[in-house]
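Shown next, in structure tokens, is the structure this report addresses.
The values are calculated or read from the model by the stated rules, or taken from the named source; none is laboratory data. As the structure is a computational prediction, the values presented were derived from the model and not from experiment. Here the Cβ is made from the backbone with ideal geometry for all residues, glycine too, and neighbour counts use every protein chain on show. In case anyone asks, the SASA skips ligands and DNA or RNA and just uses the protein heavy atoms, side chains included. Shrake-Rupley method; radii C 1.70, N 1.55, O 1.52, S 1.80 Å.
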Amino acid sequence: MNEKECTPMPTNIKFLHADQIGGCVTVISTDTTKICIDFGENLPGSKHKEALEVEGLTSGEQQYDAVFFTHYHGDHIGRFNKILPGIPLYMSQMCRYALLNIYHALAKHDAQYKKQIEILEDKTRNHVLWPRQTVQVGDIKVTPYTIDHSAEAAMMFLIETPDKRILHMGDFRSHGFMGNKLKKLLLHYVLGLQLRYKPVDILITEGTNMTREEGELLTEDELLTQACALMREYKLVFCICSSTNFIRLRNFYRAARRAYKIVLASRYMLEQVQSYYQYKLDLYAYLNDSKQDRQLRLPGMYSLLLDKEALQDKLAYMLQEKKLRERGVLIFLSGTQAAEKLQRLVAQYSDLQPLVIYSQWSGYIKDKKAEYYNAELAEACAACNTVQLHTSGHASKEVVEEIIRLVNPREYVAIIHSEQAEIRYRQY
């Protein structure tokens, strides 16, 4: 199932590495045009070990007219720098911001990442997608719609060819703050029920949780409520969280501020959070056809200095420590140094009996035999008073089935991004 043809010409659909979570690629072509949806890295532990190479996309003579990216997670966009230079790239402004922050941080230690920065900053090649702004590539029309996922501004695509209407859902969920809008979005914009019914021929959907036993998924609203209670109960709170899960970062920031805590994070993490709010301003300006020139600053959120062993600005260090002991502090930790920083800071402030909130997938610290297992982080969390407060970025099996029934494609459903992917799924 590494590569299968599913529809006759003139519209042809191929799925590459669809039978794993991450690294999935969808190719849609007509007699005259060929586009690609996503081109990312294989996740640790994936079925396919070799990086994907595609003739005409990464090597040889150019055969593709454009590549569209659903969001900024590495398993969807991580290999964009391998795409032939003549092929246009399309992504959201938030996606571009997040990636620029990542590669600027990496380029400080390794010059090879400057290539990614050059591509992202090249506006002749890298094009910004805005919600509901249709892009015409040859005889293929692509319309993006923002959906709820653990990546901000994730997009699904309505792809219209001369003979097919194809809906590519990307990664999505219904238990985030925007999740309740998903059905309305599908009914109003995709199926057009309020004006004239426009059926979808082929539905392409993720199936991440089709094989995972996630249980009942916590909503982001419920997570915020629990976070507020923990912030009130503990003076010093550490949060292990992805630096690009902006909704989660916003939740914990809000919970900390409601408990009158200050919030500390690395400079890189602060830049990511600022990019999230910058994107919100940019989106508002785009939707309202206005000019955006406001500068933003998050009150009570500062660069983390307490993790520095040698620091020139001793006064700022002492001020942070004073606020920590008087008012309480939320400290965000992320990345490869999270475990080492956590161990050092917990030991330094053990008299405050700190709490650690682990807000990532449990597999990273529980699945000891898996490639993605992080032994250092698991050991650091086990040595502390740690609670897991997290929810999936993906739809449950029941929600995926509900969306399939709602869209009710005329031809078939393709489930990708799953260990049990099926190119033609059973009818509901």
(message) Tell me the volume per residue, in Å³, of the convex hull enclosing the alpha carbons of the chain.
(response) 155
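Taking the Cα centre of region 318-360 as origin, work out the dipole magnitude from +1 charges on Lys and Arg Cβ and -1 charges on Asp and Glu Cβ, in debye rounded to 20.
Working: 6 positive and 4 negative charges, 25 e Å.
It comes to approximately 120 debye.
Quick check for me: using +1 on Lys/Arg Cβ and -1 on Asp/Glu Cβ, what's the dipole size of the chain about its Cα centre, in debye to the nearest 20? Before the final figure, lay out each step's value.
Details: 53 positive and 52 negative charges, 311 e Å.
With Lys and Arg at +1 and Asp and Glu at -1, about 1500 debye.
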(request) Before anything else, pin down the relative contact order of region 260-402: Cα pairs under 8 Å, at least 6 apart, normalised by residue count, whole percent. (result) 24
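So, with +1 on the Cβ of K and R and -1 on the Cβ of D and E, and no other charges, what is the size of the charge dipole of region 27-156 about its Cα centre, to the nearest 20 debye?
Numbers: 13 positive and 16 negative charges, 58 e Å.
That gives a dipole near 280 debye.
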(request) Could you tell me whether region 116-202 comes out rounded, prolate or oblate from its Cα gyration tensor? Rule is a ≥ b ≥ c as square roots of the eigenvalues, rounded for a/c under 1.5, then prolate if a/b exceeds b/c, otherwise oblate. (result) oblate
(request) Between residue 302 and residue 198, take the C-beta separation as r, use R0 = 60 Å, and let me know the FRET efficiency to the nearest 0.05. (result) 0.75
(request) Would you mind pulling out the separation of the Cα centroids of region 31-73 and region 296-362, in Å? (result) 40
(request) Give the shape of region 243-385 as rounded, prolate or oblate, defined through the alpha-carbon gyration tensor: a ≥ b ≥ c are the square roots of its eigenvalues, a/c under 1.5 means rounded, and otherwise the shape is prolate if a/b is larger than b/c and oblate if not. (result) oblate
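Can you give me the relative contact order of the chain as a percent, contacts being Cα pairs under 8 Å and 6 or more apart? It would help to have the intermediate numbers written out before the result.
Numbers: 833 pairs, mean separation 72.5, N = 428.
Relative contact order comes out at 17 percent.
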(message) Show me, for region 130-140, the HN-Hα J-couplings you get by feeding each phi into the Karplus relation (A = 6.51, B = -1.76, C = 1.60, θ = phi - 60°), rounded to Hz, glycine and proline as x.
(response) 10, x, 6, 8, 6, 10, 9, 10, x, 9, 10
(request) Run the quick spin-label model on residue 316 and residue 32: label points 7 Å from Cα toward the beta carbon, then report their separation in nm to one decimal. (result) 5.8
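Please calculate how many Å² of accessible area the chain carries per residue, with a 1.4 Å probe and no DNA, RNA or ligand atoms counted.
On the way: 19710 Å² over 428 residues.
Using a 1.4 Å probe on heavy atoms only, each residue of the chain averages 46 Å².
Under 12 Å from the Cβ of residue 185, count the other residues' Cβ atoms, weight Lys and Arg +1, Asp and Glu -1, and hand me the total. Walk me through the intermediate numbers first.
Details: positive: 132, 181, 183, 184; negative: 148.
The answer is +3.
With the cut-off at 1.5 for a/c, could you classify region 357-428 from its C-alpha gyration tensor as rounded, prolate or oblate?
Working: a/c = 5.67, a/b = 2.51, b/c = 2.26.
Prolate shape, in that a/c is at least 1.5 and a/b is the bigger ratio.
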(request) Check region 34-152 and count each lysine pair with an alpha-carbon distance under 25 angstrom, considering only pairs eight or more places apart or from different chains. (result) 15
(request) Determine the calculated [θ] at 222 nm for the chain from helices alone, applying -39500 (n - 2.57) to every DSSP H run no shorter than 4 residues and normalising by the residue count; nearest 500 deg cm²/dmol. (result) -9000 deg cm²/dmol
(message) With a 1.4 Å probe and all protein chains left in place, how much of the accessible area of the chain comes from carbon and sulfur atoms, in whole percent?
(response) 48
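By how many nm would the segment from residue 107 to residue 163 grow when fully extended, if each residue of separation counts as 0.36 nm and the alpha-carbon distance is taken off? Don't skip to the answer; put the middle values down first.
Values: separation 56, 0.36 × 56 = 20.16 nm, distance 4.50 nm.
Working it through step by step, the gained length comes to 15.7 nm.
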(message) Please list, in order along region 108-113, the HN-Hα scalar couplings obtained from phi with the Karplus expression 6.51 cos²θ - 1.76 cosθ + 1.60 (θ = phi - 60°), rounded to whole Hz, x for Gly and Pro.
(response) 5, 10, 8, 5, 5, 7
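Which peptide among 233-242, 49-58, 353-362 comes first, and what is the full order, when sorted by highest mean count of other Cβ atoms within 10 Å? Please list the in-between numbers first.
Values: 233-242: 21.7, 49-58: 14.1, 353-362: 19.1.
Packing order, densest peptide first, comes out as 233-242, 353-362, 49-58.
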(request) Calculate, axis by axis, the spread of Cα positions in region 13-127 along the three principal axes, and write the results as whole Å, longest axis first. (result) 42, 36, 26
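Over region 173-236, what relative contact order in percent results from Cα pairs under 8 Å that are six or more residues apart?
After rounding, I find 36 percent.
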